[in-house]
Amino acid sequence: MILRFPAIRATAGLACALSLLASAAQAQRVGSPAPSEGLDTGRLIVKYRSHTGEAPSARSEMAARVAANRQGVTLSHVKRTAGGAHVFKINRRMSRDEAHLMAANIVAGDADVEYAEPDRILRALRVPNDSLFAQQWSLADSAAGIRATTAWDTSLGSGVTVAVIDTGVRPHVDLLANLLPGYDFITDTFVSGDGNQRDADAYDPGDAVSANYCFRGDPASGSSWHGTHVAGIVAAVGNNAGGVAGVAYGAKVLPLRALGKCGGYTSDIADAIVWAAGGSVAGVPANPNPARVINLSLGGGGACDNTTQAAIDRVRALGAVVVVAAGNEASNVSNSSPANCRGVVAVAATGPSGGRASYSNFGTGVTLAAPGGDSGGGILSTLNSGSTVPAADSYAAYMGTSMATPAVSGVVALMLSANPRLTPDNVSSILQATARAFPASCNQCGAGLVDAAAAVASAAGTGIRSGPIARS
């Protein structure tokens, strides 16, 4: 079986609309604080029911100090807030958990306490200086984006490897620093386009074909540079004052070439899946950089085959999360493989409105959705300007579930960087539990729109609490 998911190219008009939308989002975002309970604090806020003066009563202040003594620290009164609460300084910095415990002890020790909470440290959202970031609506748009800028205050994906099994990559200037040495798994020279079979060169030579090359009636097509675009969504270099930023721009990409002219064979893709996570493949050297995340922006019709399912089962046992595109046929994902395989995170696509993209597959087999672009805006990422063979580095907006999938793979990398102990099942559960409601119609698109900030917070154990600790 030969698999492929062509990306849907955005037009110049869509790219212009994309830029306008993103610029508005950028204007709203700059200077806004990003809550992060991951930061230590040295202060507590305590609101009393009866004390409205500049300082709490001697009895209440003593009760607070007794609670502090239980944790081996001392408190001193700092000020009264405009809302009537009192701020206490702790004589050392405390972790989030320590500060919440002290707040709970203060509430338990004084019936006059209305609530107590850590005086959290907030900071400006981490906004990279990449020159095209304003056009990346999918990362930061308040309605339809994935809230990446807030997630970046906790995690950038450092220490995590994401395998991109695709057409290979180009050594794009905005990607190269985050690329690991990959491998070419294509065994058929009819498909490979580079004149040879498997080797250690994962660079994409181009997948352009002439009319009727793949099958009778198949039209001619230029090179897609699909893998380069997908890899850039995952981990294009951030804060380098140029181009775009990847969702997990602190992570590394392991490029594995399994798609070429006309697509790629299931057997080659399955071997790449196994090798990506550190499994052995006959005739291929051991992988020195096993991936915790495997991105599959590819697929074909039919049921999940035994070969692919066995490969997925094997890498899940090795701790890898397999993220798969739901498909671009606007039909039920149950007929799209490998998205219909067991144990995968199947990703549908949304457009700039946050609703289901017109082309996206759907159904009960979808795990959740992410921005993939549609009328009004595509997903900007790294590309190559060559129409057939490689030429200059470039950027372009594509649309497709192929673009939504690496957004989720990037979020998974952020999660695993924050908490490497997560299992594939943990990751899937957190993604679904933290996904937010769709801002527009997206029937049968899974649990919701992926929320990087909430997913990373949950993974790190810093989920947003419902409010301060209060006495009932």
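Annotations
- Packing around the peptides 397-406, 241-250, 268-277, 314-323, taken as the average count of other Cβ atoms within 10 Å per residue, puts them in this order, highest first: 397-406, 268-277, 241-250, 314-323.
- Each Cα pair under 8 Å and six or more residues apart adds its sequence gap; the mean of these over the residue count of the chain is a relative contact order of 19 percent.
- A Cβ-based charge dipole, computed about the Cα centre of the chain with Lys and Arg at +1 and Asp and Glu at -1, lands at about 1560 debye.
- Note on F215: accessible area is roughly 100 Å² with a 1.4 Å probe, heavy atoms of protein only.
- Added length on full extension, which subtracts the Cα-Cα distance from 0.36 nm per residue, S331 to R70: 87.9 nm
- For the chain, share of DSSP beta bridges that run antiparallel, in % to the nearest 5: 60 percent
- Averaging the sequence gap over all C-alpha pairs within less than 8 Å and six or more residues apart, then dividing by the number of residues, gives segment 121-193 a relative contact order of 18 percent.
- With Cα atoms, 0 to 90° folded angle of helix 424-434 axis to the chain main axis: 60 degrees
- Once C-alpha pairs closer than 8 Å and six or more residues apart are averaged by separation and normalised to the residue number of segment 66-169, the relative contact order reads 14 percent.
- Residue among G42, Y249, V284 farthest towards the positive dipole end of the chain, charges placed on Cβ: G42
- Counting only alpha carbon atoms, the long axis of helix 12-29 and the longest principal axis of the chain meet at about 10°.
- Rounded tilt (10° steps) of 96-109 against the dominant C-alpha axis of the chain: 30 degrees
- Stretch gain in nm, segment R342-N443, where the contour uses 0.36 nm per residue and the Cα spacing is subtracted: 34.2 nm
- Identified option (computed mean projected area of the Cα convex hull in nm²; candidates (i) 23.6; (ii) 30.7; (iii) 32.1): (i)
- Residue among I430, I90, T228 farthest towards the positive dipole end of the chain, charges placed on Cβ: I90
- Straight-line cross-link partners of K79 among the lysines, defined as a Cα under 18 Å from its Cα and at least 8 positions apart when in the same chain: K47, K89.
- Using the rule -39500 (n - 2.57) for each DSSP H run of four or more residues, divided by the residues of the chain, the 222 nm mean residue ellipticity is -8000 deg cm²/dmol.
- Accessible carbon and sulfur surface of segment 263-332 relative to its total accessible area, %, 1.4 Å: 54 percent
- Accessible carbon and sulfur surface of segment 102-253 relative to its total accessible area, %, 1.4 Å: 51 percent
- Calculated FRET value between A317 and A177, using beta carbons and R₀ = 25 Å, to 0.05: 0.20
- Apportionment of accessible area to carbon and sulfur, segment 334-435, percent (1.4 Å): 49 percent
- Mean Cβ count within 10 Å, highest first, over the residues of peptides 417-429, 251-263: 251-263, 417-429
- Multiplying the residue separation of A282 and D112 by 0.36 nm and subtracting their alpha-carbon distance yields 54.1 nm.
- Taking every DSSP beta bridge that has both ends in segment 339-411, the antiparallel portion is near 65%.
- Å² of accessible area per residue within the chain, as computed with a 1.4 Å probe and no ligands counted: 37 Å²
The values are calculated or read from the model by the stated rules, or taken from the named source; none is laboratory data. Keep in mind that this is a model prediction, so the values were computed, not measured. Virtual Cβ from ideal backbone geometry, glycine too; neighbours counted across all protein chains shown. Accessible surface is based on the protein model in full, side chains and every heavy atom, while ligands, DNA and RNA are left aside. Shrake-Rupley method; radii C 1.70, N 1.55, O 1.52, S 1.80 Å.
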